1. Is there a residue being within 14 Å of ligand 1 (Cβ to nearest atom) and under 16 Å from ILE102 (Cβ atoms) anywhere in region 19-31?
2. Looking at region 91-100, is at least one residue assigned to a helix (DSSP H, G or I) and either over 17 Å from ALA187 (Cβ atoms) or among the polar types (S, T, N, Q) (or both)?
3. Among the residues of region 173-186, are any small (Gly, Ala, Ser) and open to solvent by less than 50 Å² (accessible area, probe 1.4 Å)?
4. Is there any pair linking a residue in region 89-105 that is of a type in the set (Phe, Trp, Tyr) to one that is surrounded by fewer than 19 Cβ atoms within 10 Å (Cβ to Cβ) and not in a helix (DSSP H, G or I), with Cβ under 7 Å and at least six apart or on different chains, and which?
5. Does ASP38 count as within 25 Å of HIS70 (Cα to Cα) and within 16 Å of ligand 1 (Cβ to nearest atom)?
6. Please state which one of ALA12, ALA17 is open to solvent by 10 Å² or more (accessible area, probe 1.4 Å), closer than 23 Å to LEU188 by Cα and out of contact with any Ser or Thr (no Cβ under 7 Å at 6 or more places or on another chain).
7. Let me spell it out: the conditions are (1) open to solvent by 40 Å² or more (accessible area, probe 1.4 Å); (2) hydroxyl-bearing (Ser, Thr, Tyr); (3) more than 16 Å from ligand 1 (Cβ to nearest atom), and THR166 meets all of them except one. Which number is the exception?
Amino acid sequence: MSWESELDLARAAAALAGKTLCKLVGHPKKVLSAEGKDIKIQADRDAEHLILEKLGETEYPILAEESGEHGQCDTSDAFWVVDPLDGTMNFTRDLPMNCVSIALCSEGDPVLGVVYDFNRDECFHGIVGQGAGMNDAPISVSATLERSQAVLATGFPAKSAFDRDTLDAFVSCVQQFKKIRMLGTAALSLAYVACGRVDVYLEDEIMLWDVAAGIALVEAAGGVVDSEPSKRGDWVRKVRCAARAELFPGK
Ligand code: IPD
Ligand code: CA
């Protein structure tokens with residue numbers, strides 16, 4: 001499969017949602033729920049509605065963060081994965097690090113990804129095995145060779161534990177890198193690995209819709225991906241992505 005028409009459709013859907021989200025920047029956001037460390041706003045739902053309508057032009061089932069499964073994703077050969085707004089907390093505070101994220105998974109793995117940063121009008125897109133781009137220019141991962149020179153993007157997922165052991169393991173991991181960045185959006189962090197702005201992305205207990213498009217981008221841009229497959233019907237993942245495998249953290 002070449003997946004080119006699916007990529008065009010995903011780009012069109014992301015552009016539609018991005019246009020709507022962009023209009024809300026600088027305005028108060030309607031908060032629908034704020035449980036634990038998660039937050040949901042009306043804009044998440046509105047953007048998702050637009051994307052679902054557009055992707056509905058295909059037959060593929062859709063897994064969407066706000067509304068769940070449309071069709072049988074876990075038994076289907078190919079399905080869409082949608083995060084209408086990654087970086088919702090940033091968005092509510094007008095921190096300009098957020099994006100729309102759309103992937104197509106085939107046989108369980110992301111094969112194409114679109115991450116649209118509507119704040120900067122940067123559309124990252126890629127098809128595994130066929131290359132990646134940002135707007136009209138090709139992109140590739142960085143040439144950084146050593147962890148001690150590498151920039152790590154990571155985060156604490158909404159469902160993360162904050163006990164002493166988890167935090168100790170986190171510290172010994174991040175100490176191995178030159179710099180650490182927590183952007184508040186997994187999808188954009190992965191797009192930045194794909195284009196070489198950062199070198200490594202790590203996050204445990206992250207939801208598939210946060211990372212599926214970014215995983216496809218990193219692979220398409222020549223990077224390496226280590227993503228533990230989710231259980232059937234369970235969309236939680238442990239993800240490590242980097243420009244090269246030597247940059248993955250050691251013990
Ligand atoms: C969040 C972001 C963040 C990650 C959280 C996610 P959302 O997604 O991707 O980087 O650390 O676990 O929930 O809620 O803004 O779509
Ligand atoms: Ca989201």
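The values are calculated or read from the model by the stated rules, or taken from the named source; none is laboratory data. Computed from a predicted structure; not experimentally measured. Here Cβ is always computed from backbone atoms with ideal geometry, including for glycine, and neighbour counts include all displayed protein chains. Areas reflect the complete protein model, heavy atoms only, side chains present, ligands, DNA and RNA absent. Shrake-Rupley method; radii C 1.70, N 1.55, O 1.52, S 1.80 Å.
1. Within region 19-31, the subset within 14 Å of ligand 1 (Cβ to nearest atom) is 21, 29, 31.
If we keep only those that are under 16 Å from ILE102 (Cβ atoms) as well, we get 21.
The answer is yes, given that some residue of region 19-31 is within 14 Å of ligand 1 (Cβ to nearest atom) and under 16 Å from ILE102 (Cβ atoms).
2. Scanning region 91-100, I find at least one residue that is assigned to a helix (DSSP H, G or I) and either over 17 Å from ALA187 (Cβ atoms) or among the polar types (S, T, N, Q) (or both), so the answer is yes.
3. Yes, the conditions are met somewhere in region 173-186.
4. What qualifies is PHE91/LYS29.
5. Taking the combined requirement at face value, the residue satisfies it.
6. Selected residue: ALA12, the only one of ALA12, ALA17 that is open to solvent by 10 Å² or more (accessible area, probe 1.4 Å), closer than 23 Å to LEU188 by Cα and out of contact with any Ser or Thr (no Cβ under 7 Å at 6 or more places or on another chain).
7. The single condition THR166 does not satisfy is (3).
Here is a yes/no grid of residues against (1) within 30 Å of GLN176 (Cα to Cα); (2) open to solvent by less than 20 Å² (accessible area, probe 1.4 Å); (3) modelled with pLDDT of 95 or more; (4) more than 16 Å from ligand 2 (Cβ to nearest atom):
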| residue | (1), (2), (3), (4) |
| --- | --- |
| LYS37 | yes, no, no, no |
| HIS70 | no, no, yes, yes |
| CYS105 | no, yes, yes, yes |
| VAL111 | no, no, yes, yes |
| CYS123 | no, yes, yes, yes |
| SER142 | yes, yes, yes, yes |
